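This report refers to the structure that appears directly beneath it.
All of the numbers you see were taken from the coordinates with simple rules; none came from a lab. No experiment lies behind these values; they were computed from the predicted model shown. Heads up, the Cβs are rebuilt from the backbone with ideal geometry, glycines too, and the neighbour counts pull from every protein chain shown.
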Amino acid sequence: DFRAYLSEEGADLVGFGDVNRLHGAPEIMRPGRYLPDAVGVISIGIHVNEAVCNLIARHARRGTDPPSYHSYQLFTLVMINRELDRLAYLGAKYLEDRGYHAYPFPANVPHITKPSKEYPGGPGDVSHKHIAVACGLGQIGWHTMLITPQFKTRQKLVSITTNAPLVSDPMCEDTLCNPE
């Protein structure tokens, strides 16, 4: 099946959702702009290496510079984004080989550091985190990051929209963020 295929190709998270679940996603970043007959979205995630994240987090808490940002940048911005883009391409190809339309969205590379009027959620063609929520993978926390039960905030995402009639996964109902 499709989910198993993506997992075998290296996805750590895979979720399916209905485009109508994209409540709260900025209008300019919704997938229907790219595929007008879209009925579904697919969210694919890869877990970011814990030790690399821990190094950055440890130094951020101390207010000190880590020994290197190179590992974090290499393994998130370069390696993981490339792998996510490959998974999005393979997922779209899988669906199109079965007669559906599928539009893959590339992983976000932070080329805009702050949200803007044009991109209220920050950089990217779509809001991957809103699509992940619509696919039942997690929730957006008070810090505006996606939190998943499996990896908390330590995943990167890519998305596909399609006209394939996929069965939506249940929404995540866990309590993942309690700011109190």
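The packing ranking, built from the mean of other Cβ atoms within 10 Å per residue, places the peptides 61-68, 152-159 in the order 152-159, 61-68, highest first. Treating the range 48-109 as a set of equal point scatterers at the Cα positions, no solvent, please give the Debye-formula log₁₀ I(q)/I(0) at q = 0.27, 0.28 Å⁻¹. These q points yield log10 I(q)/I(0) values of -1.03, -1.07. Helix 50-62 and the long axis of the chain differ in direction by around 50°, with both axes built from C-alpha atoms. Available extension along the chain between D85 and H47 is 12.2 nm, counting 0.36 nm per residue and deducting the alpha carbon span. Remark: relative contact order (the chain) = 33 percent; criterion is Cα-Cα distance under 8 angstrom and separation of 6 or more residues. Using 0.36 nm per residue and subtracting the Cα-Cα separation, the extra length available between I28 and H101 on full extension is 24.2 nm. Only one residue of H59, Y5, I46 has its Cα farthest out toward the positive end of the dipole of the range 1-71, where Lys and Arg carry +1 and Asp and Glu -1 on Cβ, and that residue is H59. Treat the chain as a sphere of radius equal to its Kirkwood radius over Cα pairs and apply Stokes-Einstein at 25 °C in a medium of 0.890 mPa s; give the translational diffusion coefficient in µm²/s, rounded to a whole number. Rounded, D is 146 µm²/s. Put the Cα centre of the range 1-42 next to the Cα centre of the range 56-84 and the gap is 27 Å. Mind checking the angle between helix 81-96 and the chain's longest principal axis? C-alpha axes, 0 to 90 degrees, to the nearest 10. It works out to around 10 degrees. The HN-Hα couplings worked out from phi for the range 149-155 by the Karplus form 6.51 cos²θ - 1.76 cosθ + 1.60 (θ = phi - 60°) are x, 6, 10, 6, 9, 9, 8 Hz, whole numbers, x standing for Gly and Pro. Pairwise Cα distances in the range 15-76 exceed 13 Å for 72 percent of all pairs. Dipole magnitude for the chain: about 600 debye, using +1 per Lys or Arg Cβ and -1 per Asp or Glu Cβ, origin at the Cα centre. Highest-first packing order for the peptide set 80-89, 162-171 is 80-89, 162-171, based on the mean count of other beta carbon atoms within 10 Å.
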